[in-house]
């Protein structure tokens, strides 16, 4: 079973977007753009980012 981790290598702030990109096999830049759009349009992206930052473990690599 696949598990979500925050990534240390390709992080900009906390590694959430990079980890989501790896988990869903997407480019991390695309995930960052989606989070940014969600933050600007309704603010939910910021809340989700903070929740994931606090609750997700950091990868071992």
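Every read-out reported here was derived from the displayed coordinates using simple, explicitly stated rules and does not represent laboratory data. All figures in this text were calculated on a predicted structure; none of them were measured in a lab.
Look at the alpha carbon pairs under 8 Å that are at least 6 residues apart: their mean separation over the length of the chain gives a relative contact order of 36 percent. The long axis of helix 28-41 is offset from the longest Cα principal axis of the chain by roughly 30 degrees.
Please compute, over every Cα-Cα pair in the chain, the percentage with a separation greater than 18 angstrom. Could the numbers behind the result be given before it?
Values: 523 of 1830 pairs.
Cα-Cα pairs in the chain separated by more than 18 Å: 29 percent.
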